[in-house]
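> Here it is, the structure, as structure tokens.
The values are calculated or read from the model by the stated rules, or taken from the named source; none is laboratory data. None of the values given here were measured: they were computed from a predicted structure. Here the Cβ positions follow ideal geometry from the backbone for every residue, glycine too, while neighbour counts run over all protein chains shown.
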Amino acid sequence: MSGMRFLAVAIALVGMVPLALAEDGDGILGQWFSKKGDARFEFTKHDGKYYGHISWEKESVYDKKDKEAGRQTHDRENPDPALRSRPMLGLELLKDFQYVAENRYENGTIYNPEDGRTYKAKLTLADPEHLRVRGFIGISLFGGTTVWTRKAPSPSADPNDDESTSPHRESKEW
């Protein structure tokens with residue numbers, strides 16, 4: 001019976017390793033699919049802060065129903081006319097996040113290209129595969145949350161391989 005107990009404890013400890021590894025804050029690094037799976041964001045770290053940019057779009061040109069059909073998607077709702085021509089691909093939407101503890105990132109902002117506004121934001125690594133993204137105005141109570149799903153590692157040796165065009169599993173509501 002003690003062998004079974006040891007095995008149960010070993011399995012439990014191995015299951016905790018991914019979250020323990022994230023305690024330094026770097027658990028957020030990598031690529032994440034939006035809830036709809038129509039965009040992928042890559043998180044990077046600079047000077048102790050975390051940033052996220054669009055690394056892939058399902059539709060990188062406007063469709064035929066759009067007034068800009070066939071053109072590359074760009075930041076057209078930006079309130080600053082000088083920034084409206086910026087391509088969406090590569091656009092940094094998440095900025096200045098600081099790891100605070102327990103898989104939480106705060107003091108950052110998220111830019112919504114659909115309305116051209118920047119919101120305060122918090123991120124929570126719910127588990128190694130799911131990231132809660134909360135944007136808000138003023139205090140966190142006045143906002144919305146979505147859940148992103150980590151991109152599964154590509155079987156190819158090329159880290160920029162874009163074979164996977166949707167999340168590897170459905171993200172569940174939290």
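> Before we move on, is residue 13 over 13 Å from residue 123 (Cβ atoms), at pLDDT below 95, among the aliphatic types (A, V, I, L, M) and under 18 Å from the mean Cα position of the chain (by Cα)?
When the stated conditions are applied, residue 13 does not pass them.
> Here's another thing I want to ask about it. When you look at residue 73, is it of a type in the set (Ser, Thr, Tyr), closer than 21 Å to residue 101 by Cα and either in contact with a helix residue (DSSP H, G or I) (Cβ under 6 Å, 6 or more places away or on another chain) or at pLDDT 95 or above (or both), yes or no?
Against the criterion (of a type in the set (Ser, Thr, Tyr), closer than 21 Å to residue 101 by Cα and either in contact with a helix residue (DSSP H, G or I) (Cβ under 6 Å, 6 or more places away or on another chain) or at pLDDT 95 or above (or both)), residue 73 does not qualify.
> Any chance you could count how many residues in region 81-100 are more than 18 Å from the chain's Cα centre (by Cα) and farther than 20 Å from residue 46 by Cβ?
6
> Answer with yes or no whether residue 94 is modelled with pLDDT under 95 and either assigned to a strand (DSSP E or B) or surrounded by 11 or more Cβ atoms within 10 Å (Cβ to Cβ) (or both).
no
> Mind checking which residues of region 37-64 are over 13 Å from residue 110 (Cβ atoms), aromatic (Phe, Trp, Tyr) and crowded, with 18+ Cβ neighbours inside 10 Å?
56 - this is the single residue of region 37-64 that is over 13 Å from residue 110 (Cβ atoms), aromatic (Phe, Trp, Tyr) and crowded, with 18+ Cβ neighbours inside 10 Å.
> Mind checking which pairs have a first residue in region 49-67 that is in a loop (DSSP other than H, G, I, E, B) and a second that is modelled with pLDDT of 95 or more and of a type in the set (Val, Ile, Thr), Cβ under 6 Å, 6 or more apart or different chains?
Pairs found: 60/73.
> How many of the residues in region 22-36 are over 18 Å from residue 112 (Cβ atoms), in contact (Cβ under 8 Å) with a residue 60 or more places away in the chain and of a type outside the set (Asp, Glu)?
So the count comes out to 6.
> Turning to a different aspect of this structure: Filter region 107-143 down to residues that are outside any strand (DSSP E or B) and either in contact (Cβ under 8 Å) with a residue 60 or more places away in the chain or of a type in the set (A, V, I, L, M, F, W, C) (or both), then give me how many there are.
Number of matching residues: 5.
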